[in-house]
Amino acid sequence: MEKIIQFELNGNQVQMPLNQDQSLLWALRTHFNLTGTKYGCGLGFCGACTVLMDNEPVRSCTIYMADVEGKKITTIEGLAPADQLHPIQQAFVDHDAMQCGYCTPGMIMNAYGLLLKNPSPSRKLIIEGMNNNYCRCGAHSQIVDAVESVSNEAKLNQIK
Amino acid sequence: MKLSELLQEDLDIEIETNRLKRRDFIKLTGASLGGLFVFFRTGSFDLLAADQKRTLPTDYNAFLRIDEDGEVTCFTGKIEMGQGVITSLAQMLADELDVAFESVKMVMGDTDLCPYDAGTWGSLSVRVFGPSLLAAAAEAKSVLISLAAEKLGTTTDQLYAQGGVISVKGEKGLFVTYGQLTKGNRIEKLLDNQSKPKDFSEYKIMGKSIIRTDATEKVRGKALYAGDYRLPGMLYAKILRPPSHGASFVSADTSAVRNIEEVMLVEDGEFIAVLHKDPEQAEKAIRLIKAAYTFQEKKVDEKTIFDFLLNSETEERVVNEKGDIKNGRIASKEVFESTFYNSYVAHSPIETHTAVAYLEEDKIIAIVSTQSPFGVQDMIARELDLPLEKVRIITPFVGGAFGGKAPAQQALEAARLAKLTGKPVMVHWTREEEFFNDTFRPAAVIKLSSGMDDQANISLWDYKVYFAGSRGSDTVYDVADQRTASFSAKNVHPFSVGAWRAPGNNTNTFARESQIDIMAAKAGMDPLEFRLKNLKDERMIGVLKAVAELFGWKPAKFPSGRGYGIACGLDAGSYVAHMAEVKVDQKTGFVEVVRVACAQDMGFCVNPHGAKMQMDGCIMMGLGYALSEEVEFTGGDIKTANFGTYQIPQFSWLPIIETVILDKKEAMQAGGEPAIICMGGLIANAIFDATGARLFQLPMTPKRILEALSKV
């Protein structure tokens, strides 16, 4: 059923009549043209659709729009101003932490959520924290390196 | 023959083969367009044909253009799916042409803009397309130098090119840019291979590690994949699919979806689809359709498939025969008989098959996630009864493929619906559709008899591979009496199978390298020493020695309890050798891969960083088929539906990976596939070294490991 849903999307207040049982993933992709958030499995296994909801990484394919009311959503497009890269994005470029790049936005958003909670996780904690984001190409090693490179107190301010 | 006649001849061939129509050709090279054009085709059709088992038409494969502003564009039917050719091909063109790397623009996989290409697979882009690209660039440069000599009033040998500028040696200030030379000129030149590419030692951009050029778009979420296109009025389509492969459609009751607001129903014979602007609404609607099918007898499942395959009527093809295996058997002091198995494996790219199609007047435009844009164009033209020029395929970034996106049925579905409805139609498969419609790596069996004399020389090699294919079935080792045969049959599998990254080779290398370790252990020899003793191929010896140094291999009699594994192989011209260290939990059968080292001889390496990333990727992906990936099924019912029942490698699996690429100034070979071939044999051998248990079936799941441990 359609209902006006109000929430914060990448820093802007939005109001839109939306089907309450539409997933956040497809609402982002079809209504807001934010296609950086990807469909991978539809059941929350792979993490390609990871966005932040109130600064927590969530699987947008498993979140209904009804539950987004009043929340703050951040997608890959909202991570940095249009002409800039966020330090995590920059680290992914510098470490070439991708191959096909399809899982990359989800990886970056998950890493962002991880670093917001713990700005200096050990390599082991990074691996644990990223474990349920799938990369089929096998860029795991470079992704861990990239996240590790921004994982220290000094860069925390930049991240926030 | 004059250039124009040559062109004409080739145009005639193209018209005959119904590939590139004259009109398109003229449009592509339109008279209004200035610049230098060099047309070229791939050098080795034989290799392509042999590798792909298909005959290619003899038309032009790609061309490059130097614009009046000096920008260089390479048009190629190859596509970028993560393997990095968008970067490495640009490096090659820039280096040979002596322009800045940044000035090269790649246009890939657009059937209206790029001349025919058979598809991006078989690790052909650099090793087969690459040399042609270099030859074309060399030719283009020589034409430019001739033009410059005329313009500057010098002879060509007084000139040199650098950074898109041709200068007179020793004369400061006397120069002309490529852009100035091509401005207002229209020069057509058919590649005649008169200008030789540089020597490998002269390359400056090639051989350098360059970060992929598409990285920034990808980290921003701005890189467009097929599913990211948004067209006015676009509808998502869900197609009614049978619940089982081989099921025959009887009837469907579509009444439940006829009156749902905004749902469009399409019924075209057995092809039934519902469309909605929201894919989840379309998905809900398609579930309301009640369809009846008749089913085939469900004869096999993932356990019984191997006997079923072996009992099928097959055709034998002798791949290689040397000496006489009867003599080999006599010469052997000991004969080893083994049977190896591997299960069906899915491609599982994170991007599922996706396509959006729309009509531009009577022409179908389809934006498709595919490895084979021209194959898709053929399919759509054929199935929808359209002339080729009425179908245009555009390939955006592809979100992983691994062989699974050579077939692109979703494109036909989208095109068909666009034609029927007149609307832009997006078909974006769900993960469940992806597993159901995948062309799996085939289940396969290898029966292998090998023998050894009393000096630990391999004296017999009798190798029979069933259903994996022959790629990588080379004996590799020096055996006087050997025979390799490949057995296959049509329509045996209960569903579609196809090429999976280094097709056949994963299975074949698993069998061969396991058998070698079985023999080495019996001979009481270190498995590296045993290999070196039985090898003559210097390149294979080279990668084995290199990986031993990288890994810090210390010889021992196996099983040593250390959990060390070794394997080597050859794929698409490149040599690879791997070493690994594993830990096996003998209570649970769980394997932890601690580290993997890999040495690769790929000839001259265009982008070492990119190539090493491919090696890393091969190692990670290969752990999946080695340890966990297996499709479960009963007859045509695919029981594997999503990642919950199909475990692909995760971060927690990540071993310490060390790689080395041998420094070679020889012909360029494959980079995207070779390093995956050893992973089954490597891990099997490491498990044996850790526990004394020998695994004969992939994947080596904890259950199978516990079974094998119980036999030690």
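The values are calculated or read from the model by the stated rules, or taken from the named source; none is laboratory data. None of the values given here were measured: they were computed from a predicted structure. As a convention, Cβ positions derive from the backbone with ideal geometry for all residues, glycine included, and neighbour counts pool all protein chains shown.
General observations
- Filter result for A:Gly11 (under 19 Å from A:Glu69 (Cβ atoms) and more than 8 Å from every other protein chain (Cβ to nearest Cβ)): yes
- Restricting attention to region A:80-94, the residues that are in a loop (DSSP other than H, G, I, E, B) and either facing chain B (nearest Cβ under 7 Å) or buried (at least 24 other Cβ atoms within 10 Å of the Cβ) (or both) total 1.
- Candidates in region B:378-422 are the residues that are hydrophobic (A, V, I, L, M, F, W, C) and within 14 Å of chain A (Cβ to nearest Cβ); of these, the one that is farthest from B:Glu280 (Cα to Cα) is B:Phe402.
- B:Asp110 among the charged types (D, E, K, R), surrounded by fewer than 24 Cβ atoms within 10 Å (Cβ to Cβ), in contact with a Pro (Cβ under 8 Å, 6 or more places away or on another chain) and in contact (Cβ under 8 Å) with a residue 24 or more places away in the chain: yes
- Among the candidates B:Gln650, B:Gln614, residue that is buried (at least 24 other Cβ atoms within 10 Å of the Cβ), at pLDDT 95 or above and not aliphatic (A, V, I, L, M): B:Gln614
- Which listed residue is out of contact with any Asp or Glu (no Cβ under 6 Å at 6 or more places or on another chain), assigned by TED's automatic domain parsing to the domain that holds A:Ser149, modelled with pLDDT of 95 or more and surrounded by 21 or more Cβ atoms within 10 Å (Cβ to Cβ), from A:Ala97, A:Ala48, A:Ala27: A:Ala97
- Search result, residues across region A:67-79 that are part of a helix (DSSP H, G or I), within 9 Å of chain B (Cβ to nearest Cβ) and among the hydrophobic types (A, V, I, L, M, F, W, C): A:Ile76
- Residue list for region B:322-379, restricted to those being closer than 17 Å to B:Thr111 by Cβ and part of a helix (DSSP H, G or I): B:Pro373, B:Phe374, B:Gly375, B:Val376, B:Gln377, B:Asp378, B:Met379
- Candidate set from region B:423-445 (those that are more than 14 Å from chain A (Cβ to nearest Cβ) and of a type in the set (S, T, N, Q)); member that is farthest from A:Trp26 (Cα to Cα): B:Thr439
- Positions within region B:654-701 being closer than 26 Å to A:Asn132 by Cβ and surrounded by fewer than 18 Cβ atoms within 10 Å (Cβ to Cβ), in sequence order: B:Ile656
- Residues considered: B:Ser473, B:Ser449, B:Ser486, B:Ser514. Of these, the only one that is touching a residue at least 40 places away in the same chain (Cβ under 8 Å) and surrounded by fewer than 23 Cβ atoms within 10 Å (Cβ to Cβ) is B:Ser449.
- Candidates are the residues of region A:143-153 that are without any contact (Cβ under 8 Å) to a residue 60 or more places away in the chain and either of a type in the set (Ser, Thr, Tyr) or crowded, with 23+ Cβ neighbours inside 10 Å (or both); the one that is nearest to the other protein chains (Cβ to nearest Cβ) is A:Ile143.
- Qualifying positions in region B:113-127 - among the aliphatic types (A, V, I, L, M), surrounded by fewer than 24 Cβ atoms within 10 Å (Cβ to Cβ) and assigned to a helix (DSSP H, G or I): none
- From the list B:Thr339, B:Thr304, the lone residue that is without any contact (Cβ under 8 Å) to a residue 60 or more places away in the chain, β-branched (Val, Ile, Thr) and more than 30 Å from A:Cys100 (Cβ to Cβ) is B:Thr304.
- Against the criterion of being assigned to a helix (DSSP H, G or I) and of a type in the set (A, V, I, L, M), A:Leu28 qualifies.
- Checked against (1) more than 20 Å from B:Phe175 (Cβ to Cβ); (2) surrounded by 24 or more Cβ atoms within 10 Å (Cβ to Cβ); (3) in contact with a strand residue (DSSP E or B) (Cβ under 6 Å, 6 or more places away or on another chain), B:Ala148 passes all but a single condition, namely (1).
- For region B:97-152, filtered to residues that are under 20 Å from the mean Cα position of the chain (by Cα), aliphatic (A, V, I, L, M) and closer than 22 Å to B:Ala366 by Cα, the residue that is modelled with the lowest pLDDT is B:Ala118.
- Residue list for region B:585-640, restricted to those being within 30 Å of B:Leu134 (Cβ to Cβ) and part of a strand (DSSP E or B): B:Cys598, B:Ala599, B:Gln600, B:Asp601
- Among residues of region B:617-638 being more than 21 Å from the chain's Cα centre (by Cα) and over 15 Å from B:Ser348 (Cβ atoms), the one that is surrounded by the fewest Cβ atoms within 10 Å (Cβ to Cβ) is B:Thr634.
- Entirely in region B:187-275, the strands (runs of 3 or more DSSP E) that have 1 or more residues that are within 14 Å of chain A (Cβ to nearest Cβ): B:235-239
- Conditions (1) among the polar types (S, T, N, Q); (2) over 25 Å from the mean Cα position of the chain (by Cα); (3) not assigned by TED's automatic domain parsing to the domain that holds B:Pro279; number of the one not met by B:Ser470: (2)
- Qualifying residue in region B:635-645 (condition: touching a helix residue (DSSP H, G or I) at 6+ places or on another chain (Cβ under 8 Å), within 21 Å of B:Tyr341 (Cα to Cα), within 12 Å of chain A (Cβ to nearest Cβ) and in contact (Cβ under 8 Å) with a residue 12 or more places away in the chain): no
- Complete set of residues in region A:95-141 that are closer than 18 Å to B:Gly221 by Cα, in a helix (DSSP H, G or I) and more than 7 Å from every other protein chain (Cβ to nearest Cβ): A:Gly106, A:Met107, A:Met109, A:Asn110, A:Ala111, A:Tyr112, A:Gly113
- Residue within region A:52-59 that is β-branched (Val, Ile, Thr), buried (at least 18 other Cβ atoms within 10 Å of the Cβ) and away from chain B (no Cβ under 14 Å) present: yes
- All told, A:Ile73 meets the bar of being surrounded by 20 or more Cβ atoms within 10 Å (Cβ to Cβ), closer than 14 Å to A:Leu9 by Cα and either in contact with a strand residue (DSSP E or B) (Cβ under 6 Å, 6 or more places away or on another chain) or not charged (D, E, K, R) (or both).
- Unique match (being modelled with pLDDT of 95 or more, out of contact with any strand residue (DSSP E or B) (no Cβ under 7 Å at 6 or more places or on another chain), of a type in the set (Asp, Glu) and not in a helix (DSSP H, G or I)) among B:Asp462, B:Asp478: B:Asp478
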